[in-house]
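The structure under discussion appears below in the form of C-alpha cells.
Bear in mind these aren't lab numbers, they're just calculated from the coordinates by the rules spelled out. All values reported here derive from a predicted model rather than from experimental measurement. Here the Cβ is made from the backbone with ideal geometry for all residues, glycine too, and neighbour counts use every protein chain on show.
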Amino acid sequence: MNPETPPIRVLVCDDHPMMREGIAAVIASQPDMCLAGEAGDGREAVAQYRALQPDVALIDIQMPDMNGIEAIQAIRAEFAQARIAVLTTYRGDARALQAIRSGAQAYLLKSALRKELTEAIRALAAGKRYFPAEIAAELANHLGQERLTPREVQVLQLIARGHSNKQVAGELTLSEDTVKGHLRNIMDKLGANNRTHAVTIAIERGFIGL
C-alpha cells in the first residue's frame, strides 16, 4: 500500500462476537485495511454506519432487532453510495436477490470468508461488485424461474411449521381448495414432488426460514 493512501475502513455487523473477532483479525492482518467499528444487531449497524461512514460495511443477514436486509435498506436510503457486503451462512438465491435489490454489492458465505473476504473488501472499495462463482451460478440457474407470490410464501411458511391444509386455510381465511391450488402452483414453480420437498427446496433457496 502506498503510505499516502489511507486504509480501507471497514464496519463489521454480526450478532456473533466470535464471528466479528475473526473478521477483525483478518482485517488487522491486512496493511491496506483497518477496522472502523462493530455492530451486534441491525439497528446498531445503521447507527454505527451513520456515525462512522466507513468505506465498506459487512452486514450479516440474520440479526436481531432489525435483520440485515432491513439494515441495508435503511443505510442505502440515507447513504446512496454505501458499499455493502452481505454475510450469510446460506447460499439461497432468493436471499441473494433480496440482498441485491436492497443495495448490497457483494454476497459472502461465512464458510468461505477466509478465502474471499479481503478480495471482496478491496473490490467494493474500488467501486466494483463481488459475487462468488457459486452464488453467481445459482442466481443464473434461477433467473428464468417464476417467483413465489407473497401468499404462496405465507402458505409454504405455515406448512413448514407443520400446519395441515385445513389449518393453513383457517389461519389465512381461505378455503381448503384455495390452499390446495396454491400448493400446486408452489410445487410447479419449485419443481417439487410433494409438500415436504417444496418446503426443503424453499428453505435451501431462501424463500422461507425456520
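Using a/c under 1.5 as the rounded threshold, could you call the chain rounded, prolate or oblate? The axes a ≥ b ≥ c are square roots of the C-alpha gyration tensor eigenvalues, and prolate needs a/b larger than b/c, oblate otherwise.
prolate
Note on region 111-210: Kirkwood hydrodynamic radius from all Cα pairs is 15.6 Å, rounded to one decimal. Projecting the Cα positions of 192, 96, 34 onto the charge dipole of the chain (unit charges on Cβ atoms of Lys, Arg, Asp and Glu, taken about the Cα centre) puts 192 furthest along the positive direction. For region 192-208, backbone nitrogen atoms closer than 11 Å to the point 7 Å from residue 176 Cα along Cα-to-C-beta are found at no residue.
Charges were assigned to the Cβ only: +1 to each Lys and Arg, -1 to each Asp and Glu. The resulting dipole of the chain about its Cα centre is roughly 460 debye.
When only C-alpha pairs under 8 Å and at least 6 residues apart count, what is the relative contact order of region 1-159, in percent?
Across region 1-159, relative contact order equals 17 percent.
Judged by the mean number of other Cβ atoms found within 10 Å, the most tightly packed of the peptides 117-125, 161-169 leads the ranking 117-125, 161-169. Report the semi-axes of the equivalent ellipsoid for region 89-161 in whole Å, largest first, where each axis is √(5λ) for an eigenvalue λ of the Cα gyration tensor. For region 89-161, the ellipsoid semi-axes come out as 27, 13, 11 Å.
Note on residue 180: aspartates and glutamates with a C-alpha under 18 Å away, same-chain residues under 8 apart excluded, are 152, 171, 188.
Sparse packing (at most 11 other Cβ atoms within 10 Å of the Cβ) combined with a DSSP loop state is found for the following GluC sites (Glu not before Pro) in region 1-78: 4. Taken as Cα centroids, region 148-210 and region 1-31 sit 41 Å apart, rounded to the nearest whole angstrom. Placing unit charges on the Cβ atoms of the charged side chains and taking the dipole of the chain about its Cα centre, the candidate lying farthest along the positive direction among 175, 117, 61 is 175.
What the phi angles of region 57-69 give under the Karplus curve with 6.51, -1.76 and 1.60, with θ = phi - 60°, is a coupling list of 10, 10, 10, 6, 6, 9, 9, x, 6, 8, 6, x, 4 Hz, glycine and proline written as x. Each residue of region 168-181 was assigned a 3J(HN,Hα) from its phi angle through the Karplus expression (A = 6.51, B = -1.76, C = 1.60, θ = phi - 60°), giving 4, 4, x, 5, 9, 6, 10, 7, 4, 4, 5, 4, 4, x Hz with x at Gly and Pro. Against the empirical 2.2 N^0.38 Å (N residues), region 143-194 has a Cα radius of gyration ratio of 1.09. Phi angles across region 4-19 convert, under the Karplus curve 6.51 cos²θ - 1.76 cosθ + 1.60 with θ = phi - 60°, into 3J(HN,Hα) values of 8, 8, x, x, 6, 8, 10, 9, 10, 10, 7, 7, 9, x, 5, 5 Hz, Gly and Pro given as x.
Helix-derived [θ] at 222 nm for the chain: sum -39500 (n - 2.57) over DSSP H runs of at least 4, divide by residue count, nearest 500? Roughly -16000 deg cm²/dmol at 222 nm, from the helical runs in the chain.
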